[in-house]
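Q: Supplied in structure tokens, the structure appears directly below.
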């Protein structure tokens with residue numbers, strides 16, 4: 001019997017250059033048959049190493065790694081089944097073909113369950129069938145190895161994909177967290193800007209009231225003086241024969257009540273205008289609001305000797321907004337108009353306030369005066385913060401008004417009036433009913 005190295009040399013010399021030389025372990029207790037098998041396999045281009053019993057086979061497996069094992073089922077020291085169990089216990093796996101002199105179906109089934117690639121009976125056709133069976137078994141081994149390799153590659157690709165998915169998921173989660181932080185910071189910044197705008201608007205309202213103090217004092221003095229006069233008249237009537245002058249007494253008391261209500265109305269409108277409160281959205285009647293603000297500004301209108309003309313679209317759809325803020329816009333624009341009209345030499349100073357629909361879901365409000373107008377070079381700057389043409393002005397009124405209108409999803413702009421004067425326009429969206437449904 002040749003040693004492993006000698007058989008490898010012999011096989012290498014006789015191997016066909018077209019066939020891949022594979023090492024085959026021949027486990028056969030019949031020495032003569034083992035020699036014949038090795039010669040047959042060598043002629044077909046394979047290398048062989050022989051073992052006459054199970055122990056020798058295990059020793060060969062410790063020294064080399066055969067590609068295929070031709071296993072005799074009945075060995076002197078153990079059965080083929082026992083040899084396979086010992087090979088498995090050593091953590092090794094060797095593809096095998098079973099060769100036996102007993103053509104038992106139970107042996108064939110048992111070996112096939114153990115993983116045999118094929119089953120040969122040592123009969124008249126054994127040596128003739130052996131090369132084809134071995135080649136077919138080796139091809140199945142290669143296919144199994146290619147499949148295992150492909151499965152391993154697939155497993156690695158799957159693990160790599162899962163790793164990438166986990167990494168990408170972590171990156172997205174981190175990005176989402178950063179986005180949430182940025183959104184929270186942006187909301188806080190926007191809230192701070194709105195609070196700052198509200199503070200500026202409140203300061204502007206207080207400044208406006210400060211400028212109106214003298215006129216307001218005069219306006220309140222009239223009803224208060226009338227109340228005093230009518231009260232004195234009532235006192236005199238009661239000191240005399242008041243029972244015969246009930247009609248005069250009743251008329252005087254009615255005048256006291258009317259003048260007191262007049263004074264209270266002035267104070268109510270003034271208090272609402274200077275109130276410092278959080279923005280509150282409500283459904284508003286714009287025409288009614290304009291009339292209310294005009295009543296508050298009636299003092300300025302008389303001081304400027306100005307006729308206020310209303311040209312309203314009736315009925316006008318409601319809007320949703322903060323009443324105090326929108327009233328402030330009207331007050332700012334009306335006071336600017338009255339100041340321009342006081343500086344004008346027009347014989348009939350007039351402020352026209354119009355409301356209309358633009359057909360695109362907005363109400364348009366126009367405040368047109370026939371005053372001195374705005375110089376063309378200043379038209380683009382009138383809404384700039386701190387820009388003013390008044391010696392004692394703050395330059396905040398129009399800037400704040402523009403911010404308020406834009407916060408209500410509208411637009412504020414200015415144009416030159418035909419002939420002379422200025423027109424301030426602003427738009428506000430019509431209420432679609434969403435606010436009332438939310439309420």
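Q: Tell me, in nm to one decimal, what length is gained between residue 253 and residue 431 on full extension, where the rule is 0.36 nm per residue of separation less the Cα-Cα distance?
A: Values: separation 178, 0.36 × 178 = 64.08 nm, distance 4.41 nm.
Gain on stretching residue 253 to residue 431: 59.7 nm.
Q: While we're here: Considering only DSSP beta bridges with both partners in the range 287-380, what is the antiparallel share in %, to the nearest 5? Kindly include the intermediate steps, with their values, before the conclusion.
A: Numbers: 7 of 12 bridges.
Here the antiparallel bridges make up roughly 60 percent for the range 287-380.
Q: Order the peptides 403-409, 113-119, 332-338, 87-93 from the highest to the lowest mean number of other Cβ atoms within 10 Å of their residues. Please report the intermediate quantities before stating the final value.
A: Working: 403-409: 18.3, 113-119: 16.4, 332-338: 23.7, 87-93: 11.1.
The peptides rank, most packed first, as 332-338, 403-409, 113-119, 87-93.
Q: Turning to a different aspect of this structure: Please give, to one decimal in nm, the separation of the simple spin-label points placed at residue 420 and residue 167, each 7 Å out from Cα toward the Cβ.
A: According to this spin-label approximation, the distance is 7.7 nm.
Q: Okay, moving on. Provide the FRET efficiency to the nearest 0.05 for the residue 62-residue 155 pair, computing r from the beta carbons and using R0 = 22 Å. Walk me through the numbers on the way to the answer.
A: Numbers: r = 30 Å, r/R0 = 1.36.
The value I calculate is 0.15.
Q: Pop the C-beta distance of residue 86 and residue 32 into the FRET formula with R0 = 22 Å and round what comes out to the nearest 0.05. Walk me through the numbers on the way to the answer.
A: Working: r = 26 Å, r/R0 = 1.19.
Efficiency at R0 = 22 Å is approximately 0.25.
Q: Once both labels are modelled 7 Å past Cα along the beta-carbon direction, what's the residue 311-residue 180 spacing in nm?
A: 5.6 nm
Q: Using alpha carbon centroids, what distance separates the range 303-350 and the range 75-138, in Å?
A: So the separation of the two Cα centres works out to 109 Å.
Readers should treat all values here as calculations from the given coordinates under stated rules, not as data from a laboratory. Remember, it's a predicted structure, so these values are computed and weren't measured experimentally. Please note: Cβ atoms are built from the backbone with ideal geometry, for glycine as well, and neighbour counts cover all protein chains shown.
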